[in-house]
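Trainee: First the structure, which I've put down as structure tokens, then a few questions once you've had a look.
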Amino acid sequence: MTWLDYALIGVFLGGMALVGLRISRLIKNPDDIFVAGRELTPFVAAATITATNLSMFHFIGMGGIGYQKGISIIWQNWTGNMALVLSAILVIPVMRRLRVRSIPEFLEMRYSKSLRILIGGFWGLRLCVFLGTFLYVAATAAGVITGWNSIGAYIAWLFIFSVVA
């Protein structure tokens, strides 16, 4: 890669950070972050949920699994999409009516605060594992693209991705 490539990557990452900082000033309460102020139409909400579920795993991991094992990996996406549609039809309207932001919040309303804490803890653990995996995959891809494959480069990429995100 030439200096121009690195400059373009730097400008892109800097631009993303600036957009994030500018938009963060518009956030006034937790609903603005978690449910976009409760102002999205169902179609836009579905598109947002779908975009949220896309990650480096889908672009790199699924391609690798498809190469190794064949097209059968598509069923994971199909069943996931079916679950998204079913939840949009059955679960999301109930959650909107109750004005809750998450399944753990709903479980607290329905059962108890201790169940919310338990499920929230499991969800947090899952996110820590997934986020660590996704950051590692992104750093690996960036290392292959740039040729920086040392431990220091991984730490640098993880830092850059964490700050920009």
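Trainee: Computed from the coordinates I sent, volume of the Cα convex hull per residue in Å³ equals one of (i) 305; (ii) 164; (iii) 192. Tell me the label.
Mentor: Calculated volume of the Cα convex hull per residue in Å³: the matching label is (ii).
Trainee: To continue, here is another question. Taking only DSSP H segments of four or more residues, each worth -39500 (n - 2.57), what value at 222 nm results for the chain once the sum is divided by all its residues, to the nearest 500 deg cm²/dmol?
Mentor: About -25000 deg cm²/dmol.
Trainee: Expressed as an acute angle from 0 to 90° and rounded to the nearest 10, what is the orientation of the C-alpha long axis of helix 74-90 relative to the principal long axis of the chain?
Mentor: Once rounded, one gets 30 degrees.
Trainee: While we're looking at this one, here's another question. What does the charge count around Gly120 come to, taking other residues whose C-beta lies under 13 Å from its C-beta (Lys +1, Arg +1, Asp -1, Glu -1)?
Mentor: +2
Trainee: I'd like the distance separating the alpha-carbon centroids of region 43-91 and region 114-165, in whole Å.
Mentor: Region 43-91 and region 114-165 have Cα centres separated by 20 Å.
Trainee: While we're on this one: About the Cα centre of the chain, what is the dipole size in debye to 20, counting +1 per Lys and Arg Cβ and -1 per Asp and Glu Cβ, all else neutral?
Mentor: Charge dipole of the chain: 580 debye, to the nearest 20.
Only the coordinates and a few stated rules stand behind these numbers; no lab work does. A quick note: this is a predicted structure, and the numbers were derived from the prediction, not measured. Positions of Cβ are generated from backbone atoms using ideal geometry, with glycine treated the same way; all protein chains shown enter the neighbour counts.
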